[in-house]
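Worksheet: the structure to be examined is printed underneath.
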Amino acid sequence: MVDSFLRFEQRFYLPAHPGQCLFTGPDGQHSVADWLQRVADWQVTLDRVVAQQPGFRRCAVYHNDLAEFSAILMALWSRGLVACVPGANTPGTSTALSPLVDAFAGEFGDSAKPLLEATAGLGQQPLQALSEALDYSSVLLEIFTSGSSGEPQAIPKTLRQMAAEVTVIEGLWGALMQRHCALGTVSHHHIYGILYRLLWPLASGLPMWTHTCAFIEDVAAAITICGDCFMVSSPTHLSRLPDAFDWQPIRQHCTLVLSSGAPLPASASLATHAAIGVDVAEIFGSSETGGIA
């Protein structure tokens, strides 16, 4: 039963610590209350659209800021709407998605469907934005990948599926995390990033770094702000660690390194251990099978 799973909204029914930092990044910190305000803002937008278009059901979502991306996602889910998440926001992606969605939200260019916006501060009683349980049985997330034809292929996910995976993740590593910040060198627009950079931290009360760290230098810079962390990474990044680099801050603050997307060469695993001082935990999964397979 779903009640045995970690619920993504469970800490936000009526949050005990609304001033606690939930997201941090180059632009500063966002508290639980700040984030719930954005969820509430997006709920106002969605309520208006649904009232005007009763058949509204599916919305494409892309935003490089994890705080805003997650606020849109939670607002959609709280209204029983489907978030359609592509891996990119190129004009070609928007064109291909247009026949499959009712609107776009986030960082998209011109498209044949409306681009939704949410006015800051419009939502009322934001601390109650997630006071009702989400629907864990219906498909509320579709991850889009390019199939062999090059056309977007939707991979459906229920919240129940993802909650089950997050519960396993928490059981594996939750005890190691004491307000450690989730840092990622991988995008949060794929199932791996969604699970490990967003849904696990949300369910477990861990802070999140808002932007993807493209280089190890970005990770080091982020650590000077967020402190203790774990890193959600991939073989692409871990196979290219620089030799001439001051690893001490990362060694001091990074408790866990995760890798997924492809097998990690043994040489890269050993090099990561030598540089950061922790073993790499490899995650075997895919968009189709899930973040843990």
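Points worth noting:
- Which listed residue, of THR93, THR24, is out of contact with any strand residue (DSSP E or B) (no Cβ under 6 Å at 6 or more places or on another chain) and of a type in the set (Ser, Thr, Tyr): THR24
- When region 148-177 is filtered for residues that are part of a helix (DSSP H, G or I), closer than 20 Å to ARG7 by Cβ and of a type in the set (A, V, I, L, M, F, W, C), the ones remaining, listed by number, are LEU159, MET162, ALA163, ALA164, VAL166, VAL168, ILE169, LEU172, TRP173, ALA175.
- The residues on offer are THR95, THR90, THR45, and the sole one that is at negative phi, open to solvent by 70 Å² or more (accessible area, probe 1.4 Å) and among the polar types (S, T, N, Q) is THR95.
- The lone exception for VAL44 - which of (1) under 16 Å from the mean Cα position of the chain (by Cα); (2) assigned to a helix (DSSP H, G or I) it fails: (1)
- VAL50 meets all of the listed conditions (1) open to solvent by less than 20 Å² (accessible area, probe 1.4 Å); (2) closer than 22 Å to LEU159 by Cα; (3) outside any strand (DSSP E or B) but one, namely (1).
- Residues that are open to solvent by 10 Å² or more (accessible area, probe 1.4 Å) and out of contact with any Phe, Trp or Tyr (no Cβ under 7 Å at 6 or more places or on another chain) number at least 3 in the following strands (runs of 3 or more DSSP E) confined to region 178-292: 280-282.
- Within region 89-104, residues that are in a loop (DSSP other than H, G, I, E, B) sit with their Cβ atoms under 8 Å from residues that are open to solvent by less than 50 Å² (accessible area, probe 1.4 Å) and among the aromatic types (Phe, Trp, Tyr), at 6+ positions apart or across chains, in these pairs: ASN89/TYR62; ASN89/PHE108; ASP102/PHE56.
- Region 67-87, subset part of a loop (DSSP other than H, G, I, E, B) and at negative phi, residue least open to solvent (accessible area, probe 1.4 Å): LEU81
- The residues of region 134-161 that are modelled with pLDDT under 95 and either loosely packed, with under 14 Cβ neighbours inside 10 Å or touching a Leu at 6+ places or on another chain (Cβ under 8 Å) (or both), listed by number, are PHE144, GLY147, SER148, SER149, GLY150, GLU151, PRO152, ALA154.
The values are calculated or read from the model by the stated rules, or taken from the named source; none is laboratory data. Everything quoted here is computed from the prediction, not taken from an experiment. FYI the Cβ positions are ideal-geometry reconstructions off the backbone, even for glycines, and counts take in every protein chain you see. Just so you know, the surface numbers come from the protein's heavy atoms only, side chains and all, with ligands and any DNA or RNA stripped out. Shrake-Rupley method; radii C 1.70, N 1.55, O 1.52, S 1.80 Å.
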